[in-house]
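A short worksheet on the structure shown next.
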Amino acid sequence: MTEEKKGDIQAAQELKEGFEKIRKEIGKVIVGQSDVVEKLLIGVLAKGHCLLIGVPGLAKTLLISTLADVLDLKFSRIQFTPDLMPSDITGTEILEQNVSTGAREFKFIKGPIFANIILADEINRTPPKTQAALLQAMQEYNVSAGNETFPLEAPFFVLATQNPIELEGTYPLPEAQLDRFMFNIYIDYPSEAEEHEIVRTTTSAYKAELETVFDADSLIKLQGLIRKVPVSDKVVEFAVKLARKTRPTEDAQDYIKNWVTWGAGPRASQYLILGAKTRCLLYGRPTPSVEDVKEVAESVLRHRIVTSFNAEAEGVGVTDIIEKLLASTSD
């Protein structure tokens, strides 16, 4: 066995143990939401971005800032508003004068996008021009200003939130930008027992002391490890088949033709496999199974399927379609 292989095996074991530690540390601050934490960590390790849907007051901001603390990453929160300009995110050039020589030159002042973990709070409340400023950073991992391009420091991860209640005066994200997000994660209300624990801890003098589990360098190495995970042709075939069955083509199933206007593109197949690879390592398995693909399928496909008027009229949602697809797609 080569030294590189031994190192990969050791890193995989450290990732499994680190995953349990991260859950434990976040659990000191966030009550419940274990599935959301798992999806967020999968997104970070797979170099993806996540769109988080949830009503106000469910600790979305606290969750991501806590994750940044546990991973020892620089965290930046951007509150998206109708008057937010692209330069408010990326940064701006200012004219600076040298006191000693009197010479003047433009200097770029970096914006809040220059961090490791970005919380784009209520991203649909800002106009498309400003939304697009985030698009280049998410896809290219750099920012252009004037004639210069500034690379973003790795690891770089965007968590965007949307409020599903108040849609008046918002700017829905176009499909092309939605497709840039690896996961669409829905965060629900806590159970009664969890809410009891939330109220008990947040109204007391309790303050959690968090320990760092991974740092930026460790995360970058683990992101490279994910790509090395072997995956069987059977699992790849299932992921591709599942993504393709969402498309209302001539040979699609009748309910897809009736309920779906647009299906998921090839990026969905890629993220299904990357998500499955990451999940298998988190649980200490050397290679992903079809079950791993199924576990990440809803989060990957939810924002990539556009339903038709017929689906809306019949009260059929995207989740219903995904569940039906998973039930009808053979391993």
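The values are calculated or read from the model by the stated rules, or taken from the named source; none is laboratory data. From a predicted model like this one, the values you see are computed outputs, not experimental measurements. Glycine also receives a Cβ, built like all others from the backbone with ideal geometry; neighbour counts cover every protein chain displayed.
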For this session: Considering every residue within the range 206-221, establish whether at least one is in a loop (DSSP other than H, G, I, E, B), within 16 Å of the chain's Cα centre (by Cα) and in contact (Cβ under 8 Å) with a residue 24 or more places away in the chain.
Result: no
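The rows are residues; the columns are (1) within 30 Å of VAL306 (Cβ to Cβ); (2) outside the structural domain of GLY27 (by TED's automatic domain parsing); (3) touching a helix residue (DSSP H, G or I) at 6+ places or on another chain (Cβ under 9 Å).
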position: LYS207; (1), (2), (3): no, no, no
position: THR212; (1), (2), (3): no, no, yes
position: ASP215; (1), (2), (3): no, no, no
position: ILE220; (1), (2), (3): no, no, no
position: VAL235; (1), (2), (3): yes, yes, yes
position: VAL240; (1), (2), (3): yes, yes, yes
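Is it fair to say LEU84 is farther than 22 Å from LEU219 by Cα, outside any strand (DSSP E or B) and within 16 Å of the chain's Cα centre (by Cα)?
Values: farther than 22 Å from LEU219 by Cα: yes; outside any strand (DSSP E or B): yes; within 16 Å of the chain's Cα centre (by Cα): no.
It is false that LEU84 is farther than 22 Å from LEU219 by Cα, outside any strand (DSSP E or B) and within 16 Å of the chain's Cα centre (by Cα).
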Problem set entry | the range 292-331, residues that are assigned to a helix (DSSP H, G or I) and surrounded by fewer than 13 Cβ atoms within 10 Å (Cβ to Cβ) | PHE309, GLU312, ALA313, ALA327, SER328
Problem set entry | the range 91-132, residues that are free of Cβ contacts under 8 Å to residues at least 40 places away in the same chain, part of a loop (DSSP other than H, G, I, E, B) and not polar (S, T, N, Q) | VAL99, GLY102, ALA103, GLY111, PRO112, ILE113, PHE114
Exercise. Given (1) at pLDDT below 85; (2) closer than 18 Å to LEU326 by Cβ; (3) within 24 Å of the chain's Cα centre (by Cα), where does ALA252 come up short, assuming only one miss?
Worked result: (3)
Exercise. Would a scan of the range 135-142 turn up a residue that is part of a helix (DSSP H, G or I), surrounded by fewer than 16 Cβ atoms within 10 Å (Cβ to Cβ) and among the small types (Gly, Ala, Ser)?
Worked result: no
Exercise. When only residues in the range 144-192 that are of a type in the set (D, E, K, R) and part of a loop (DSSP other than H, G, I, E, B) count, which is nearest to SER87 (Cα to Cα)?
Worked result: GLU153
Exercise. Of all residues in the range 51-81, which are over 25 Å from ILE22 (Cβ atoms), in a loop (DSSP other than H, G, I, E, B) and either touching a strand residue (DSSP E or B) at 6+ places or on another chain (Cβ under 9 Å) or at pLDDT below 85 (or both)?
Worked result: VAL55, PRO56, PHE80
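Run down LEU210, LEU225, LEU173 and say which single residue is surrounded by 12 or more Cβ atoms within 10 Å (Cβ to Cβ), within 20 Å of ALA59 (Cα to Cα) and of a type in the set (A, V, I, L, M, F, W, C). Quick ask: steps written out before the conclusion?
Values: LEU225 fails: within 20 Å of ALA59 (Cα to Cα); LEU173 fails: within 20 Å of ALA59 (Cα to Cα).
It is LEU210.
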